[in-house]
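Quick notes on the structure that follows.
The values are calculated or read from the model by the stated rules, or taken from the named source; none is laboratory data. For clarity, every value in this text was computed on a predicted model and none was experimentally measured. Please note: Cβ atoms are built from the backbone with ideal geometry, for glycine as well, and neighbour counts cover all protein chains shown.
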Amino acid sequence: MSDNATPTTPVKTTGLHVGEAGPGCKKVDPIIIADGVKRTFGGLTAVDVAHVEIPRGAITALIGPNGAGKTTFFNLLTGFDKPDEGKWEFDGRSLAHVPAYRVARMGLIRTFQLTKALGLLTVLDNMKLGAKGQSGENLFRSVFPFFWRSQEDEIEAKAKEILARFKLDAKQEDYAASLSGGQRKLLEMARALMSDPTLVMLDEPMAGVNPALTQSLLDHILDLKSQGMTVLFVEHDMHMVRHIADWVIVMAEGKIVAEGDPHEVMRDPAVIDAYLGAHHDTDLGDDDDPESVEHIHAMKELIDDEQ
Amino acid sequence: MIDWIQIFSNAAQELISPTTAAYALAALGLAIHFGYTGLLNFGQAGFMALGAYGFAISTLTFGFPVWASVLVGIGASIVFALILGIPTLRLRADYLAIVTIAAAEILRLIFTTNTFDDVTGSASGLQGYKGGIAAMNPIPDGTYGFGPFTYNAYDWWIRILGWTVVILAALFTWSIMRSPWGRVIKGIREDEDAVRALGKNVYSYKMQSLILGGVFGTLAGMIFIMPRAVVPANYQTSLTFFIYAILLLGGAATILGPIVGSMIFWVLLSFFSGFMARAVEAGWLPFMTQVQAGQLRFILVGVAIMLLVVFRPQGIFGNKKELSFVR
């Protein structure tokens, strides 16, 4: 739990795959299976995934350089975007032509890269909105409180309990707009839990979060796994990926280029190529894109660590 | 000399006039659209026209009783909302604004054209549809009231009817906005993708909001024609803008805002035009003619909207705290 002051070493889930680890390898118990999913924007192929399986009950990281198609792939999986072709399923049910809100009702809840806290709703209202199957959300029943009052009380109790766990309970009456960037990330994750999802998809949960909050966010993600949820997240912070992920999928130019457990996958030449390009031995000091420089440093550091 | 008593009593009459009630109800519908859901509906005049013509044509051409005429108007506005909403509610908010403003104008031009003169009365409009409402009047003939509020039985009857509808609509709006339904609606205003990601059918909620606010506009259109005739020129885009002025004056996401806003708007407008007309008459403003003085009040409405948006964007009843975070 997040109450622990000392960071615990997370327990890694192993034995997730069947046969050799590699792009598109089979999993023992996949929760998501995508086949031939392709999305183009004009002439640009953003996502072209031949086959990928996401293991159930584990924390899977989706990494890759900028423009690799990670967020587009997220959008495709959650119904926020439609692929040109391909089929993909969640828990054995096809997700083709399923609108985003139905995907969410099936138990696949996502967060966004740019946090979407509902600013002019209170923190508590943000949380309550996350609960599924509310009878008071029907226009005709909403007029008569006796239809939804008791359910509302249950939802409120649950929301307060989760808020306490995320240490946001002191803020519950404040507008979400008054929260800091990191607190909004926490709120978004807490709100996702209100619907008891089976799969939580986090799009860059650490982006813009104050380092003081990082550990607590990491613990919350590990907590999701211990409660039996599956987590799929996009992240750029390689240390974090190595720290908590059980499985890593690497995307580059829309394709899955490598898969494996976090330690193995960092050594894969395809990953090094994807991040650093084939000419990673040449001097990169003149690169003027600060973000790619950052990735290169992160990767070099990790490669050094491993050796 | 200026007759101040006359000016003040004319202004005071606007407090409870059926026109004020009609504008309040139309603004309440717009509060549901714009204030709570974030839908930019610029075609509220179109919904009001549907109420007015739906009621008048059902009564005059088809001889329907009052309740059936009201239902025809409501039905027409639901169909209108569906036609507007189905293609545009999946798109960004500004597309709805463009489509609604155009659709309301199309309606007005259809009602104005000579082709349907038999049914719509074209530019001269319709009258003689008030019999059913007057027959329902329980108040015995005579004149009642005190001071400026002295009216005959029919005038009292339409005031009571109009304000009863406004109060019921306000109570209804209040009760749905404090419910989980209202929470989803306000969430959509903040960020519809986030609400979608939580498993809510955003499209359906936006459609419900558009229909509900449109029905309020339609009922407002029916109250509006009780003290006057149905004339297509009343349903120009400026009508929508006056309703927006009332909404912003009172506070966009409030229940009382549209009602009190409408009262203030009409009392001030009546006071100002009464004062200007008599000031010109008395020779206080030698540079101005009566016609110019009549137009001046609309300039004032424009200036007032600008000042409001700049200096009190949350309106009279709006929550100042909400606005300190507006990006």
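Summed over region B:111-124, residues that are buried (at least 16 other Cβ atoms within 10 Å of the Cβ) and out of contact with any helix residue (DSSP H, G or I) (no Cβ under 6 Å at 6 or more places or on another chain) total 1. The single condition among (1) surrounded by fewer than 21 Cβ atoms within 10 Å (Cβ to Cβ); (2) more than 10 Å from chain A (Cβ to nearest Cβ); (3) assigned to a helix (DSSP H, G or I); (4) not basic (Lys, Arg) that B:Pro227 does not satisfy is (3). Restricting attention to region B:280-327, the residues being modelled with pLDDT of 80 or more, farther than 15 Å from B:Leu248 by Cα and either within 14 Å of chain A (Cβ to nearest Cβ) or outside any helix (DSSP H, G or I) (or both) number 8.
Residue count for region B:204-239, restricted to those that are in contact with a helix residue (DSSP H, G or I) (Cβ under 7 Å, 6 or more places away or on another chain), hydroxyl-bearing (Ser, Thr, Tyr) and closer than 17 Å to B:Ile106 by Cα: 3.
Scanning region B:92-113 for residues that are within 16 Å of B:Ala52 (Cβ to Cβ) and aromatic (Phe, Trp, Tyr) returns a single hit, B:Phe111.
In region A:36-84, what residues are in a strand (DSSP E or B), surrounded by 19 or more Cβ atoms within 10 Å (Cβ to Cβ) and polar (S, T, N, Q)? Let's see the steps before the verdict.
Step one: filter region A:36-84 for residues in a strand (DSSP E or B), giving A:36-41, A:44-55, A:59-63.
Subsequent filtering for residues that are surrounded by 19 or more Cβ atoms within 10 Å (Cβ to Cβ) retains A:37, A:39, A:46-49, A:52-55, A:59-63.
Within region A:36-84, A:Thr60 is the sole residue that qualifies.
The set of residues in region A:106-134 that are part of a helix (DSSP H, G or I) and surrounded by fewer than 17 Cβ atoms within 10 Å (Cβ to Cβ) is empty.
A:Ala190: out of contact with any Pro (no Cβ under 7 Å at 6 or more places or on another chain), at pLDDT 90 or above and either at negative phi or in the same structural domain as A:Gly57 (by TED's automatic domain parsing) (or both), yes or no? Working first, answer last.
On the way: out of contact with any Pro (no Cβ under 7 Å at 6 or more places or on another chain): yes; at pLDDT 90 or above: yes; either at negative phi or in the same structural domain as A:Gly57 (by TED's automatic domain parsing) (or both): yes.
Judged against the criteria, A:Ala190 is a match.
Quick one: which of B:Ser273, B:Ser262, B:Ser238 is modelled with pLDDT of 85 or more, farther than 30 Å from B:Val72 by Cβ and away from chain A (no Cβ under 14 Å)? Outline the logic, then answer.
On the way: B:Ser262 fails: farther than 30 Å from B:Val72 by Cβ; B:Ser238 fails: farther than 30 Å from B:Val72 by Cβ.
Going through B:Ser273, B:Ser262, B:Ser238 in turn, the sole match is B:Ser273.
If you check A:Ala164, A:Ala176 for being within 12 Å of chain B (Cβ to nearest Cβ) and either more than 19 Å from the chain's Cα centre (by Cα) or buried (at least 19 other Cβ atoms within 10 Å of the Cβ) (or both), only one passes: A:Ala176. Filtered by the rule that a residue be aliphatic (A, V, I, L, M), surrounded by 13 or more Cβ atoms within 10 Å (Cβ to Cβ) and assigned to a helix (DSSP H, G or I), region A:136-161 gives A:Leu139, A:Ile155, A:Ala159. If you filter region A:200-216 down to residues that are touching an Asp or Glu at 6+ places or on another chain (Cβ under 9 Å) and more than 13 Å from chain B (Cβ to nearest Cβ), you find that the one that is farthest from B:Val195 (Cα to Cα) is A:Thr214. Taking every residue in region B:301-319 that is surrounded by 12 or more Cβ atoms within 10 Å (Cβ to Cβ) and pairing it with any residue that is charged (D, E, K, R), at least 6 positions away or on another chain, the pairs with Cβ-Cβ distances below 6 Å are B:Gln314/B:Lys320.
Looking at A:Gly133, A:Gly69 in this structure, which one is modelled with pLDDT under 90 and within 10 Å of another protein chain (Cβ to nearest Cβ)? Full working, then the answer.
Values: A:Gly69 fails: within 10 Å of another protein chain (Cβ to nearest Cβ).
Going through A:Gly133, A:Gly69 in turn, the sole match is A:Gly133.
A single member of A:Arg110, A:Arg105 is under 24 Å from B:Asp191 (Cβ atoms), charged (D, E, K, R) and touching a Lys or Arg at 6+ places or on another chain (Cβ under 9 Å), and it is A:Arg105. Can you tell me which residue in region B:170-188 is farthest from the other protein chains (Cβ to nearest Cβ), limited to those that are touching a Leu at 6+ places or on another chain (Cβ under 8 Å) and closer than 21 Å to B:Leu25 by Cβ? Residue satisfying both the conditions and the ranking: B:Ala170.
Checked against the criterion of being more than 10 Å from every other protein chain (Cβ to nearest Cβ), in contact (Cβ under 8 Å) with a residue 60 or more places away in the chain and of a type outside the set (Gly, Ala, Ser), region A:142-159 has no qualifying residue.
In region B:189-216, the residues that are under 22 Å from A:Leu114 (Cα atoms) form Cβ pairs under 6 Å with partners that are surrounded by 23 or more Cβ atoms within 10 Å (Cβ to Cβ) and polar (S, T, N, Q), at six or more places apart or across chains, as follows: B:Arg189/B:Thr37. Any residue in region A:153-174 that is farther than 17 Å from B:Leu198 by Cβ and touching a strand residue (DSSP E or B) at 6+ places or on another chain (Cβ under 6 Å)? Checking region A:153-174: at least one residue is farther than 17 Å from B:Leu198 by Cβ and touching a strand residue (DSSP E or B) at 6+ places or on another chain (Cβ under 6 Å).
Take the residues of region B:256-265 that are surrounded by fewer than 23 Cβ atoms within 10 Å (Cβ to Cβ) and in contact (Cβ under 8 Å) with a residue 60 or more places away in the chain: which is farthest from the chain's Cα centre (by Cα)? That would be B:Leu256.
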